[in-house]
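Working notes, beginning with the structure itself.
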Amino acid sequence: MRVNVTVNGEQRQADDVWEGESLLFVLRERLGLPGSKNACEQGECGSCTVYLDDVPVCACLVAAGQAQDREVRTVEGLAEGDRLDPVQEAFVEAGAVQCGFCTPGLVVQAHDLLDRVPNPSDPEIREALAGNLCRCTGYEKVLDAVRLAASRR
Amino acid sequence: MTLTPTELTSAVPGGIGTSPQRPDGNLKVRGEFAYASDLWHEDMIWGATLRSPHPYARITSVDITEALKVPGVHAVLTHSDVPGRNLYGLEHKDQPVLAVDVVRYQGEPVALVGADHPETALRAMKKIVVTYDVLEPVVDMETAVDDTPLHPGGNLVRHVPIRRGSQDVTAEVVVSGRYEVGMQDQAFLGPESGLAVPATDGSIDLYIATQWLHVDRDQVAAALGLPLEQVRLTLSGVGGAFGGREDLSMQVHACLLALHTGKPVKMVYNREESFYGHVHRHPAVLYYEHGADRTGKLVYVRSKMYLDGGAYASSTPAVVANAATLGVGPYEVDNVTVDAYGVYTNNPPCGAMRGFGAVQAGFAYESQMDKLAEALGMSPVDVRIRNAMSEGSTMPTGQVVDSAAPVAQLLKLVQDKPLPAGTSTDIRELPGGVSNTTHGEGVVRGVGYAVGIKNICFSEGYDDYSTARVRVSMVNGELAAAVHTAACEVGQGLVTIMQQIVRTELGIERVTVLPMDTTIGNGGSTSASRQTYVTGGAVKAACALVKARLDGRADIGDEVIDETTEWRHRATEAIDPETGQGNAHVQYGFAAHRAVVDVDVDLGLVRVVALDCAQDVGKALNPQAVVGQIQGGSAQGLGLAVMEEIQTSGGKVRNPSFTDYLIPTVLDMPPMSIDVLELADPHAPYGIRGVGEPPTISSTPAIVAAIRAATGLALTRVPVRPEHLTGT
Ligand code: FES
Ligand code: FES
């Protein structure tokens, strides 16, 4: 099948999509956007988090066809040119990035949190990020990063 | 080809002792860093692996006819397509690239498919007909040695005895116990993956996520029957490792498919396959007896421990040596009897994971120290300090610890930290959290302590070295440096450390880290907490050569100064095979934890309220990264304490998914306050002491000690499960 979808503001088209393919697969393998990650492909890790019509979803759980004529925003669409989004900047500065495999998902999720709740409390941050696994950091510096980003937005 | 590994340049101040940003940080937050699973090549096909469903079986036939007929399939390969040696392994070459006539664990690779779409490959795989004659698996590590031999030499991989002092001394106070450690998974988030690109001359390039390029290359070349120079490896982006990428996974498989089809081949495991595709932490059964006098001074420690290596040896011999030589912990004990056994079974193969043998022993000896404290009526911290080793102490191997060993100080540091406020009334901070299982009723609090010891760098006489090349030339009128090694960046931040060392040694701000590959000499493994020490040492040494040629000049015109050198740490020795005596280790690292927990005793739910750590790192080359390592290592220890276990039954894995194998989330992790000591080791570059592993050792027993303190239960097994707490 053919899938038409707006990704990071651009109209994109993917051909020969097999009906079982996920949005994640189409983004990564057909549209050249591998920023969203594939740590579990079963909805458990959050590494594939993208905005689908402004709501963060696990792209691995969305069938490609479900994205037809909708808007997707991925981690690649957060920075403006060379200028990082404050959340991205804070992740680097706070040391919240080690291997970075969790980072795209966490950045999108934190970005959404700060859009909804500009000054989240620690329990609010934890709740918002509860679906995003990170194996490297123990999350302390991820929390630091979100606090830092909140203080700057 | 897109997304090849790139050079990483930053031109900022930031020598050692500061925390400049990682040079790959911006790429990673933008989603533009090329991990191995992101690679893409024109015309590439996808590889898939057919695995054994049985833990132990004879293969009676393999029929690939129907699979080959599936449209879109380019190749179906079995062991007869392996042109070189069909056996590999880190210490013993005992593991087939593709099974021949027997499979020894569930998930063992049997055949490969290359196809134009991953789904096509999966469908074709289902059409391969393998007939098995299923055999009774060997699954009990304690009796494996006397069970059906799974390998020609029997089921004992290695026995390490330690004999020190009197073997039959008695003591006034004796405590003993049997402890069990479950099988932990590294659960790195970036799945096993890589891209093999064949060249027209029959050679091959492999872009791969690994921990050790050169040893991968050697094993791949042997299996392909190619000379080393025809197999080129380049490190791709690595999504964490923690030991799980020391052994081969899809390396040879992708190359076989690529050479066979003449096409680039990408292989990416999904999470379930990843659980079958790499070795795990050895589960262990450990028997201990500690004898002490009435003042709490240890008189003897005796231990017998079994480590289940599973179907293939991997790094079991070295894991067993660690468990044995570090088996009494960071304590002075004059009389020691240890027998550590690593065995083959039909359980999943086990090998390296952060802490490497020291974790299993650490849970047991620290549980024993708590038991001893209780028997003596002493506090857990006092009994540890009473026996704490220090610089000049003698290990059970006879090795004298010749740099800082601030065990007592680390314990005091965590003891003196402020305790968290009492049990919260916010439901989000109670055991069970927003599942709304308690509002505080049935919740009890406990505090526990532990301290651990880890060897740093490779041991037992291994020639452990790294190679570094530093090149300096003029860029935009200023000196600029590039550093090249084959040492793997897996997330820990070696790329930053190398830049910092160059800046400090040469005073040059603009430093480029070149992609890591096998065109330069061996960088050694990213394991044993050794890269900052050994590759850091090599970069420092290469800088010294460059500096001599620079001779103070700030402008070298068109000249290019390019120096490559090898650097090795001081030599170690093999241990005596009967007594375990010998200077086996290069350096020892120490960390201590204090854990505070709330336990809902009705439901058996645990919430770790605080997990504070003190660790000596010799010198913090990058303080932010050091703290990040300690926090991350502590988190993995928390996972082993209360949730993480690959559960097997009859050799079969029952929970190969993140739905059923739980790792800590941000809700499970408490705030962690970290104290970093910097007591320089005069033998190490800049005085550093390896950082990554020690916190993983003491975190687990501290948490379990806290749960014991809260509940009064004995708790001799990790992970502690709800049913252990409720008795149901
Ligand atoms: S890859 Fe989608 S949740 Fe893990
Ligand atoms: S930084 Fe490695 S998983 Fe989060």
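The values are calculated or read from the model by the stated rules, or taken from the named source; none is laboratory data. Here the structure is a predicted model, which is why all the values come from computation and not from measurement. Note that we place each Cβ from the backbone using ideal geometry, even for glycine, and neighbour counts take in every protein chain shown. Please note that ligands, DNA and RNA were not included when accessible areas were found on the heavy atoms of the full protein model with its side chains. Shrake-Rupley method; radii C 1.70, N 1.55, O 1.52, S 1.80 Å.
For the range B:335-425, GluC sites (Glu not before Pro) are listed when DSSP marks them as loop and at most 16 other Cβ atoms sit within 10 Å of their Cβ; the list is B:E391.
Taking amide H positions as modeled 1.01 Å from N, with prolines and chain starts lacking one, the residues under 5 Å from B:V102 and 5 or more places away or on another chain are B:I59. Distant-in-sequence amide contacts of B:R510, defined by a placed amide H-H separation under 5 Å and a gap of 5 or more residues or a different chain, comprise B:A481.
Just to confirm, what accessible area per residue do you get for the range A:1-100 at 1.4 Å probe, in whole Å²? List each step's numbers first, then the result.
Values: 3990 Å² over 100 residues.
Roughly 40 Å² per residue, with all protein chains present.
The Cα-based radius of gyration of the range A:3-76, divided by its Kirkwood radius, gives an Rg/Rh of 0.91. Dimensions of chain B based on its C-alpha atoms, expressed as ranges along the principal axes with the largest first, amount to 75, 73, 57 Å.
Buried area at the A:B interface is about 4500 square angstrom, summed over both chains, from accessible surfaces computed with a 1.4 angstrom probe. Given R0 = 56 Å, the distance between the Cβ atoms of B:Y287 and B:H117 translates into a calculated FRET efficiency of 0.60.
Run the numbers on chain B and let me know its relative contact order in percent, using alpha-carbon pairs under 8 Å that are six or more apart. Mind dumping the intermediate values first?
On the way: 1999 pairs, mean separation 120.1, N = 728.
Once divided by the residue count of chain B, the mean separation gives 16 percent.
Counting Cβ atoms of other protein chains within 10 Å of each Cβ in A:118-129 and taking the mean gives 3.
Calculated from DSSP H runs of 4 or more alone, at -39500 (n - 2.57) each and per residue, what is the 222 nm mean residue ellipticity of chain B, nearest 500? Present the calculation step by step, with values, prior to reporting the outcome.
On the way: 15 runs with 172 residues, N = 728.
The helix-only estimate for chain B comes to -7000 deg cm²/dmol at 222 nm.
Projecting the Cα atoms of B:G194, B:Q167, B:G182 onto the dipole axis of the range B:163-206, where Lys and Arg carry +1 and Asp and Glu carry -1 at the beta carbon, places B:Q167 farthest toward the positive end. Along each principal axis, taking the top coordinate minus the bottom one, the Cα set of the range B:95-215 gives 72, 37, 29 Å in descending order.
Could you tell me which of rounded, prolate or oblate describes the protein assembly as shown, using a ≥ b ≥ c as the square roots of the eigenvalues of the alpha-carbon gyration tensor, with rounded for a/c under 1.5 and, failing that, prolate when a/b is larger than b/c and oblate otherwise? The shape class here is rounded. How much of the DSSP bridge set in the range B:557-706 is antiparallel, in percent, rounded to the nearest 5? Of the beta bridges lying entirely in the range B:557-706, close to 75 percent run antiparallel.
Rounded to the nearest 20, the Cβ-based charge dipole of chain A about its Cα centre (Lys and Arg +1, Asp and Glu -1) stands at 260 debye.
With θ taken as phi - 60° and the Karplus curve 6.51 cos²θ - 1.76 cosθ + 1.60 applied, the whole-hertz 3J(HN,Hα) list for the range B:166-171 is 6, 9, 9, 5, 10, 9 Hz, x standing for glycine and proline. For the range A:86-152, the C-alpha radius of gyration divided by 2.2 N^0.38 Å, with N the number of residues, is 0.94. Farthest toward the positive end of the dipole of chain A, out of A:Q13, A:A149, A:V57, is the Cα of A:A149, where the dipole comes from beta carbon charges about the Cα centre.
Scalar couplings 3J(HN,Hα) for the range B:17-33, obtained by applying the Karplus form with A = 6.51, B = -1.76, C = 1.60 to θ = phi - 60°, are x, 10, 10, x, 5, 5, x, 9, x, 4, 4, 5, 6, 8, x, 10, 7 Hz; x denotes Gly and Pro. Each of B:T394, B:A361, A:T103 was placed along the dipole of the protein assembly as shown (beta-carbon charges, centred on the mean Cα), and the one lying farthest toward the positive end is B:T394.
Please report, in debye to the nearest 20, how large the charge dipole of the range B:102-252 is about its Cα centre when each Lys and Arg carries +1 at its beta carbon and each Asp and Glu carries -1 there. Walk me through the numbers on the way to the answer.
Values: 11 positive and 21 negative charges, 50 e Å.
The calculation lands at about 240 debye.
Altogether, the Stokes-Einstein calculation at 4 °C and 1.567 mPa s, with the Kirkwood radius of the range B:323-470 over Cα pairs as Rh, returns a diffusion coefficient of 69 µm²/s.
With an a/c value of 1.5 or above and a/b not larger than b/c for the gyration tensor axes a ≥ b ≥ c computed over the alpha-carbon atoms, the range B:12-165 is described as oblate. Each label point was placed 7 Å from the Cα along the Cα-to-Cβ direction; for B:R568 and A:Q13 their separation is 6.3 nm.
Normalising the average separation of contacting C-alpha pairs (under 8 angstrom, six or more residues apart) by the number of residues puts the relative contact order of the range A:3-76 at 40 percent. One Cα centroid belongs to the range B:509-544, the other to the range B:331-362; the line between them spans 30 Å.
Once you order the gyration tensor axes a ≥ b ≥ c over the Cα atoms, which shape class does the range B:439-578 get: rounded for a/c under 1.5, otherwise prolate or oblate by comparing a/b with b/c? Let's see the in-between values first.
Working: a/c = 3.06, a/b = 1.69, b/c = 1.81.
Oblate is the answer for the range B:439-578, as a/c is 1.5 or above yet b/c matches or exceeds a/b.
For the range B:9-65, with all protein chains present and a 1.4 Å probe, just round the carbon and sulfur fraction of the accessible area to a whole percent. It is 53 percent, rounded to a whole number. For chain B, hydrophobic long helices are taken as DSSP H runs at least 20 Å long by C-alpha position along their axis with mean Kyte-Doolittle hydropathy of -0.5 or more; these are B:358-376, B:531-550, B:623-642, B:694-711.
Under the rule of -39500 (n - 2.57) per DSSP H run of 4 or more residues, summed and divided by the residues of chain A, what mean residue ellipticity at 222 nm is obtained, to the nearest 500 deg cm²/dmol?
-8500 deg cm²/dmol
For A:K141, a cut-off of 24 angstrom between C-alpha atoms picks up these lysines, skipping any fewer than 8 places away in its own chain: A:K37, B:K28, B:K417, B:K619.
Note on B:142-149: average number of Cβ atoms from other chains within 10 Å of each residue's Cβ is 0. For a quick check: with amide H placed at 1.01 Å from N, whose amide H comes under 5 Å from B:I646's, ignoring anything fewer than 5 positions away on the same chain? Amide H neighbours of B:I646, under 5 Å, 5+ apart: B:M183, B:Q184, B:D185. Element breakdown for the range A:86-152 at a 1.4 angstrom probe: carbon and sulfur atoms account for 45% of the accessible area.
Which value, in debye to the nearest 20, gives the size of the charge dipole of the protein assembly as shown about its Cα centre, when Lys and Arg are +1 and Asp and Glu are -1 at the Cβ? Provide the component values of the computation, followed by the final result.
Details: 71 positive and 108 negative charges, 156 e Å.
Around 740 debye, computed over the protein assembly as shown.
Across every direction, the projection of the convex hull enclosing the Cα atoms of chain A has a mean area of 8.3 nm².
When only alpha carbons are used to place a centre, the range B:421-460 and the range B:135-158 end up 38 Å from one another. In straight-distance terms, cross-link reach from B:K652 covers every one of the lysines whose alpha-carbon lies under 27 Å from its own, apart from those fewer than eight places away in the same chain; here that gives B:K93, B:K126, B:K127, B:K304. Backbone geometry of the range B:451-459 corresponds, through the Karplus equation with coefficients 6.51, -1.76 and 1.60 at θ = phi - 60°, to 3J(HN,Hα) couplings of 9, x, 9, 9, 6, 10, 6, 6, 10 Hz, x marking Gly and Pro.
Among the GluC sites (Glu not before Pro) found in the range B:167-259, those both in a DSSP coil and sparsely packed, with 15 or fewer other Cβ atoms within 10 Å of their Cβ, are B:E172. Each part reduced to its alpha carbon centroid, the range B:577-612 and the range B:1-60 end up 31 Å apart.
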